[in-house]
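Below is one structure, written out as structure tokens; the observations come after it.
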Amino acid sequence: MTAPTAPRTYNQTHAPRSYAAGRRRVSIYASWTYPGEANLDVNVLDDRYNTMFEFRRVFYPEFEWAASPRSYQQGIAGVLELILRTWAPFQQFAAEVTGQPVPLFQGIDQAGYPLPLDERVLADADTLLVFGTEILRAQMEPSPEEVEAVRRFLAREGTCLVVGPHHDIGRSDDPEEREKEFHHHGDVATPRRQRFGGYARALLKGLGVPVENRWGLRSAVVPGTRDVTPLCVLRDLDTRGFLEGVTVFNYHPHLPHYAVTTDDPRSVRVLATRPIDMTRPPHPFTEAGNREFNAVVWVPPGGDRAGDVLVADSTLFSSLYGVTNSLKQFWRNIVRGGGAQ
């Protein structure tokens, strides 16, 4: 990975941004505890991130730029840093579009400082992205005060909350079912059980958003390539224009299905689904007759909530899996508050 030309800083206090018409303030909140993830026992195979050494070994030689223990961490922390690095292009893109800096906050950062999702994060944001990339075993959940703070944030006109709980692989205690899941997604770097998004899932539930991340499904691709097939976009439901000009996303071998847990179609709109790769071995989800999974779900304003809530996976904002012009258009729509804005 090419190093940035501008000097990097760390250990700085966030400088609040002033409101400016037409220049939305975008913030990212990674809901993990960095030390909690980095310190998980590597002798336990399931429910943790890979170490950087494992990542290098599986995908050799793609990540040999990170081979030196002198310049890059080889444990779980190395993979966490890789994730942070691959979010940086989105931060830069959003800053260029809005003319505002894009801070990235963490539930508990590398230095051990906790930062609940409160007014320090929310007061100067118009669009907030909550990346639910914490392992369930780390036991991160929002407090009632955090849920209430986000509720107040969404009571402001023009706000947008994007929540992205990652995949939930191996939730069943049946080892045969977990084995089916593994052979369907086919990523040998991913263990039989890797469950993400407890914080994000609890936040959605606390806000009354009836969406839950399930499974880890492989998207269909153009035969012989890693180019994903087009999205199935329900454009008549996308009145805000979040997917205006968007046709495809990036590739990832195990993506969550965002299950809608209400029968009321008026409160939740599935804006896009992704075709499942049916050339892969069967998965419990496909065995139930499903051929697509929910990729983007929108909960429009309603009641006391004046802002929008979108559910979309955090990998859509990562450069690790490729950045197409179509994906950049999605980023542009998100940071502008919708393509129609």
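Specify which of the listed residues (54, 37) is open to solvent by 30 Å² or more (accessible area, probe 1.4 Å), modelled with pLDDT of 95 or more and at negative phi.
54
Got a number for residues in the stretch 5-41 being out of contact with any Ser or Thr (no Cβ under 6 Å at 6 or more places or on another chain), in a loop (DSSP other than H, G, I, E, B) and of a type outside the set (Asp, Glu)?
The total comes to 21.
Does at least one position in the stretch 123-140 carry a residue that is open to solvent by 20 Å² or more (accessible area, probe 1.4 Å) and without any contact (Cβ under 8 Å) to a residue 40 or more places away in the chain?
no
Can you name the residue in the stretch 59-82 that is surrounded by fewer than 19 Cβ atoms within 10 Å (Cβ to Cβ) and within 21 Å of residue 196 (Cα to Cα) and is also farthest from the chain's Cα centre (by Cα) among such residues?
75
Residue-by-condition table, conditions (1) surrounded by fewer than 16 Cβ atoms within 10 Å (Cβ to Cβ); (2) not in a loop (DSSP other than H, G, I, E, B):
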residue	(1), (2)
200	no, yes
204	no, yes
215	no, yes
225	yes, no
235	yes, no
238	no, no
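Examine the stretch 163-170 for a residue that is surrounded by 15 or more Cβ atoms within 10 Å (Cβ to Cβ), over 25 Å from residue 59 (Cβ atoms) and either within 19 Å of the chain's Cα centre (by Cα) or not aliphatic (A, V, I, L, M) (or both), and state whether such a residue exists.
Step one: of the stretch 163-170, the residues surrounded by 15 or more Cβ atoms within 10 Å (Cβ to Cβ) are 163-170.
The next check asks that each one be over 25 Å from residue 59 (Cβ atoms); those that pass are 163.
Then keep just the ones that are either within 19 Å of the chain's Cα centre (by Cα) or not aliphatic (A, V, I, L, M) (or both); that gives 163.
Checked the stretch 163-170: at least one residue is surrounded by 15 or more Cβ atoms within 10 Å (Cβ to Cβ), over 25 Å from residue 59 (Cβ atoms) and either within 19 Å of the chain's Cα centre (by Cα) or not aliphatic (A, V, I, L, M) (or both).
Every residue, every condition in (1) open to solvent by less than 30 Å² (accessible area, probe 1.4 Å); (2) over 30 Å from residue 79 (Cα atoms); (3) charged (D, E, K, R), yes or no:
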| site | (1), (2), (3) |
| --- | --- |
| 264 | no, yes, yes |
| 267 | no, yes, no |
| 300 | yes, yes, no |
| 305 | no, yes, yes |
| 309 | yes, no, no |
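Hey, among 325, 333, which residue is surrounded by fewer than 15 Cβ atoms within 10 Å (Cβ to Cβ) and either in contact (Cβ under 8 Å) with a residue 12 or more places away in the chain or over 21 Å from residue 133 (Cα atoms) (or both)?
325
Of the residues 249, 242, only one is closer than 20 Å to residue 26 by Cα and open to solvent by less than 50 Å² (accessible area, probe 1.4 Å); which?
Details: 249 fails: closer than 20 Å to residue 26 by Cα.
Exactly one residue qualifies, and that residue is 242.
Among the candidates 282, 256, 275, which residue alone is open to solvent by 20 Å² or more (accessible area, probe 1.4 Å) and either in a loop (DSSP other than H, G, I, E, B) or within 28 Å of residue 154 (Cβ to Cβ) (or both)?
282
Check the stretch 194-201 and report whether any residue there is modelled with pLDDT under 95 and either among the polar types (S, T, N, Q) or touching a Phe, Trp or Tyr at 6+ places or on another chain (Cβ under 8 Å) (or both).
No, every residue in the stretch 194-201 fails to be modelled with pLDDT under 95 and either among the polar types (S, T, N, Q) or touching a Phe, Trp or Tyr at 6+ places or on another chain (Cβ under 8 Å) (or both).
Can you tell me which residue within the stretch 297-308, out of those that are touching a residue at least 60 places away in the same chain (Cβ under 8 Å) and outside any loop (DSSP other than H, G, I, E, B), is nearest to residue 220 (Cα to Cα)?
Among residues in the stretch 297-308 that are touching a residue at least 60 places away in the same chain (Cβ under 8 Å) and outside any loop (DSSP other than H, G, I, E, B), the one nearest to residue 220 (Cα to Cα) is 297.
The values are calculated or read from the model by the stated rules, or taken from the named source; none is laboratory data. Note that the coordinates shown come from a computational prediction; the quantities given were computed from them, not determined experimentally. All Cβ positions, glycine included, derive from the backbone under ideal geometry; neighbour counts span all protein chains shown. Calculation scope for accessible area: heavy atoms of the full protein, side chains included, ligands and nucleic acids excluded. Shrake-Rupley method; radii C 1.70, N 1.55, O 1.52, S 1.80 Å.
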